[in-house]
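Derivation of every value follows stated rules applied to the coordinates shown; laboratory data play no part. The structure presented is a predicted model; accordingly, all values stated were derived computationally and were not measured. Glycine gets a Cβ as well: all are built from the backbone with ideal geometry, and neighbour counts include every protein chain shown.
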Amino acid sequence: MIDLYYWTTPNGHKVTIFLEEAGLEYKIIPIDIRSGAQFSPEFLRISPNNRIPAIVDHQPLTGEPISVFESGAILLYLAEKTGKFIPSDLRGRVKVLEWLFWQMGGLGPMAGQNHHFGTYAPEKIPYAIDRYVKETNRLYGVLDRQLQGQEFIAGDYSIADMACYPWIVPYERQKQDINQFPNLQRWFERMKAREAVQRAYEKAKPWQNTPAPADSHKILFGQTAQTIGGN
Ligand SMILES: N[C@@H](CCC(=O)N[C@@H](CS)C(=O)NCC(=O)O)C(=O)O
């Protein structure tokens, strides 16, 4: 059994997609990041960066239960545990890792800043909005080129696809026209049609559109080292 510390965000969806694809048994433990649940001492013991997702695997391949934070590390851990969605040959494996890390260091953070300045920032700062809309657009172009002539990002369907897909779902919010990226669009439709992906998004429903507390903006975007007790 795996405990998944989860909220209904792109990084949360990555892990439900894997768990659904692999058919692993798991329990969702909601961490409402809008109300500050990510700062509880119990959660910080598992996820010291006070962010979802995180997992506790109660039956690892060896030894005591193990916790993992960071969505890329979780996907890799689960792929290694199950022997699924990552090739075992050297070259195939490197390809998947390249695109997994590309998502973790590029697409995720840049699209995240795009959401921040385009949606959440109380002040609309044209330079910041433009910077992240353009950078997201460049990354979409990179992915579109990579998908030319292939069905999935790094060869066979893999954790690289699972990492990227939830960050393309909000393409409209990111002010991107997916029609400009035909290879990416075909891949997107292929991903969306997967039953496991649909089940993963179903899992989010009980918490989606629930009212956020009045001070959620401050909780999510107002933290410093001092407020989290880091200095
Ligand atoms: N690099 C981390 C990013 C995780 C992350 O940013 N999680 C967000 C939701 S998508 C979160 O928990 N935010 C809570 C906060 O900012 O306090 C990962 O991929 O796991």
In the chain, with Lys and Arg counted as +1 and Asp and Glu as -1 at Cβ, which of these residues, ASN137, PRO211, ALA54, has the Cα nearest the positive end of the dipole, that is, farthest along it?
ASN137
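Please give me, ordered by residue number, the chymotrypsin sites (Phe, Trp or Tyr not before Pro) of segment 123-171 that lie in loop per DSSP and have at most 14 other Cβ atoms within 10 Å.
Answer in residue order: no site qualifies.
Looking at the chain, what % of its DSSP beta bridges pair antiparallel, to the nearest 5? Don't skip to the answer; put the middle values down first.
Working: 9 of 14 bridges.
In the chain, approximately 65 percent of DSSP beta bridges are antiparallel ones.
Where does each of 93-106, 202-215 land if you order them by average Cβ count within 10 Å, highest first?
On the way: 93-106: 18.9, 202-215: 11.3.
Top of the packing list down: 93-106, 202-215.
How would you order 159-165, 15-21 from highest to lowest mean count of nearby Cβ atoms within 10 Å?
159-165, 15-21
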Excluding residues fewer than 8 places away in the same chain, name every one of the lysines whose C-alpha is closer than 22 Å to that of LYS218.
LYS124
Using helices alone, I'd like the mean residue ellipticity at 222 nm for the chain: each DSSP H run of four-plus residues gives -39500 (n - 2.57), total over residue count, nearest 500.
-14000 deg cm²/dmol
Those aspartates and glutamates that a straight Cα-Cα span of less than 18 Å connects to LYS14, excepting residues fewer than 8 apart in one chain:
ASP3, GLU25, ASP32, ASP57, GLU70, GLU80, GLU98, ASP156, ASP161, GLU189, GLU195, GLU202
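Please find the FRET efficiency linking SER35 to ARG190, where r is the Cβ-Cβ separation and R0 is fixed at 45 Å, and quote it to the nearest 0.05. Could the numbers behind the result be given before it?
Details: r = 36 Å, r/R0 = 0.80.
It comes to 0.80.
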Multiply the residue gap between GLN208 and ARG91 by 0.36 nm, knock off their C-alpha separation, and tell me the result in nm, one decimal place.
38.2 nm
From the square roots a ≥ b ≥ c of the eigenvalues of the alpha-carbon gyration tensor of segment 4-69, which class results: rounded (a/c under 1.5), prolate (a/b over b/c), or oblate?
oblate
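For GLN59 and ALA128, calculate 0.36 nm times their separation in residues minus their Cα-Cα distance, and state this gained length in nm to one decimal. Don't skip to the end; give the middle numbers.
Numbers: separation 69, 0.36 × 69 = 24.84 nm, distance 4.48 nm.
Here the segment from GLN59 to ALA128 would lengthen by 20.4 nm.
To the nearest 0.05, how large is the calculated FRET efficiency for ALA22 and ARG173 if R₀ is 30 Å and r is the Cβ-Cβ distance?
Numbers: r = 29 Å, r/R0 = 0.97.
About 0.55, to the nearest 0.05.
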Computed about the Cα centre, the charge dipole of segment 58-106 from +1 Lys/Arg and -1 Asp/Glu charges at the Cβ has a magnitude in debye, to the nearest 20, of 200
By the C-alpha gyration tensor axes a ≥ b ≥ c (rounded if a/c is under 1.5, else prolate when a/b exceeds b/c, else oblate), the shape of segment 90-193 is prolate
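Take the cross-link list LYS134/LYS205; LYS81/LYS175; LYS175/LYS203; LYS84/LYS205 and give me the ones stretching past 29 Å between alpha-carbons. Please list the in-between numbers first.
On the way: LYS134/LYS205 31 Å; LYS81/LYS175 37 Å; LYS175/LYS203 26 Å; LYS84/LYS205 27 Å.
Table pairs above 29 Å Cα-Cα are LYS134/LYS205; LYS81/LYS175.
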Along the Cα-to-C-beta direction of HIS217, a point sits 7 Å from the Cα; which residues of segment 112-127 have their amide N less than 18 Å from that point?
113-126
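As a test, work out the antiparallel percent of DSSP beta bridges whose residues both lie in segment 3-76, rounded to the nearest 5. Please report the intermediate quantities before stating the final value.
On the way: 7 of 11 bridges.
Percentage antiparallel, nearest 5: 65.
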Using modelled amide H (1.01 Å from N, peptide plane; none on Pro or chain starts), what sits under 5 Å from the amide H of ALA54, excluding residues fewer than 5 places away?
TYR5
Among THR82, THR62, THR119: highest mean-square fluctuation, GNM of the chain, C-alpha pairs under 10 Å:
THR62
